[in-house]
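One structure is given below, encoded as structure tokens.
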Amino acid sequence: MKDINLLSLNDQKNEREFMAIGKLMVIVFAAILLVSLIGYGTLDLIQWKYTAEEVAIEQRIRIASPIVLVKKDLQVKQEKVKQLSGIIDTMDANTTLNTRITDGIAGVMPDNIFLLNYAVDKSGKLNLLGKSKDMDSIAYFVAKLKGTGLFSDVYLSNISSNTSDSSNSGSSGYNFSALLKLK
């Protein structure tokens, strides 16, 4: 008689199942390894591209840095020009008195009125300081200034008596201040 060994069939079956599971695990491990290598390769390629772009950008920055410095220098110089032109405009407004205005004032000024000083401010007001021998001449001068049409307002702001005691003659006069608003 022959002995039938039933254990060996079960062992062979278990061995085949174990081999199938082993092959399946090797395939899964190989797939995971392949996906990991592809992912790592993709990330490494992206990192390489970013590094190359950073190098290119740094080169562009080095090339453009003189341009940026020139641009900043131009901005500083433009600010200085703007400041200086403002100063020039202010000086021009303060120092220039239109000849039409001076001719208008001189045309109505009586012979016994003497202007000592004048000043123009930024708001367009002209301040006249003068002397006269009598108050009538001052009144006549102010009235004529109003009639010239050069000023929107003429205001006599101050009149003061000026008495000088000299041994030869006792002359008296008046100091006045007039404020004229330019049109």
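The values are calculated or read from the model by the stated rules, or taken from the named source; none is laboratory data. Everything numeric in this text was worked out from a predicted model, so none of it was measured. A quick note on method: Cβ atoms are made from the backbone with ideal geometry, for glycine too, and the neighbour counts reach across all protein chains shown. The protein model used for the area step is the full one, side chains on, heavy atoms only, and it has no ligands, DNA or RNA in it. Shrake-Rupley method; radii C 1.70, N 1.55, O 1.52, S 1.80 Å.
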(request) Mind checking the per residue accessible area of the chain for me, 1.4 Å probe, whole number of Å²? (result) 81
(message) How far apart, in nanometres, would the label points at Asp103 and Lys144 be if each is projected 7 angstrom from Cα along the Cα-to-Cβ direction?
(response) 1.7
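What pairs from Lys133/Lys181; Lys77/Lys125; Lys49/Lys72; Lys72/Lys122 go past 29 Å between their alpha carbons? Don't skip to the end; give the middle numbers.
Details: Lys133/Lys181 25 Å; Lys77/Lys125 34 Å; Lys49/Lys72 33 Å; Lys72/Lys122 33 Å.
Those over the limit are Lys77/Lys125; Lys49/Lys72; Lys72/Lys122.
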(request) Compute the long axis of helix 135-147 from its Cα atoms, compare it with the longest principal axis of the Cα atoms of the chain, and write down the angle in degrees, 0 to 90, nearest 10. (result) 50
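Calculate, for Asn14 and Leu43, the FRET efficiency according to 1/(1 + (r/R0)^6) with r their C-beta to C-beta distance and R0 30 Å; round to the nearest 0.05.
Values: r = 42 Å, r/R0 = 1.41.
After rounding to 0.05, the efficiency reads 0.10.
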(request) Measure of size requested: the Rg and Dmax of the chain, with Cα atoms as the atom set and Å as the unit; please supply both. (result) 51.4, 178
(message) Can you give me the angle between helix 99-108 and the longest principal axis of the chain, using Cα atoms only, in degrees from 0 to 90, rounded to the nearest 10?
(response) 20
(message) Charges at C-beta only: +1 for Lys and Arg, -1 for Asp and Glu. How large is the resulting dipole of the chain about its Cα centre, in Debye rounded to 20?
(response) 360
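Quick one: in segment 15-85, what % of C-alpha pairs are over 13 Å apart? Kindly include the intermediate steps, with their values, before the conclusion.
Working: 1957 of 2485 pairs.
In whole percent, the share of Cα-Cα pairs in segment 15-85 beyond 13 Å is 79.
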(request) Positive end of the charge dipole of the chain (Lys, Arg +1 and Asp, Glu -1 on Cβ, about the Cα centre): tell me which of Thr148, Leu128, Tyr118 has its Cα farthest that way. (result) Thr148
